[in-house]
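The values are calculated or read from the model by the stated rules, or taken from the named source; none is laboratory data. Bear in mind the structure is a predicted one, so any value in this text is a computation, not a measurement. Cβ sites come from the backbone with ideal geometry, for glycine too, and all protein chains shown count toward neighbours. Protein only, heavy atoms only, side chains kept; ligands, DNA and RNA dropped before computing areas. Shrake-Rupley method; radii C 1.70, N 1.55, O 1.52, S 1.80 Å.
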Amino acid sequence: MPCKERWRRRCASGRDPAPVRGRADGGYVTAEAAIVIPALVALLGMLLWGLGAVAVQTRCGDAARTGARAAARGESEAQVRSVASAAAPEGAEVVVEREGPLFRVTVAAGAPGPGPLGMRVDGEAVAHAEGS
């Protein structure tokens, strides 16, 4: 009943009745939103940067495994580099080393990111030479 009575008073006088105690926010919601929204945008940016770095690292690991398998089959070093470079991210560096019967292929590339967040990630794989 008090709600209906208050509505009638507003309609009759043309102005709002006195505010209900404890319900006036005094602009706090606006201030909280001004702080929370930029923080959420920054968090989203960091998550996207991290996802990009993980994707580049995964591609480097896959390229290194592909190169190590090719080296283990007895492919030439030029062919191993070509195979690994084809699977690697753009601008990746491929290093092939032989340590006795083992071939070690390392693929390194730059992860996207602004300024100091652009870091270098790598993937490494080792394969035993077939027929050794």
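When Lys and Arg each count +1 and Asp and Glu each count -1, what net charge do the other residues less than 11 Å away from residue 61, Cβ to Cβ, add up to? Charge balance near residue 61 sits at -1.
Count Lys and Arg as plus one, Asp and Glu as minus one, and take only other residues whose Cβ is under 15 Å from that of residue 106; the net charge is then 0. Going through segment 27-127, which GluC sites (Glu not before Pro) have at most 10 other Cβ atoms within 10 Å and a DSSP loop state? The qualifying sites are 90. Applying 0.36 nm per residue to the separation of residue 82 and residue 117 and subtracting their alpha-carbon distance, the gain on full extension is 9.7 nm. Only protein heavy atoms count here; under a 1.4 Å probe, residue 98 has an accessible surface of about 140 Å². Quick one: net charge around residue 126, please, counting Lys, Arg +1 and Asp, Glu -1 for every other residue with C-beta under 9 Å from its C-beta. In short, -1.
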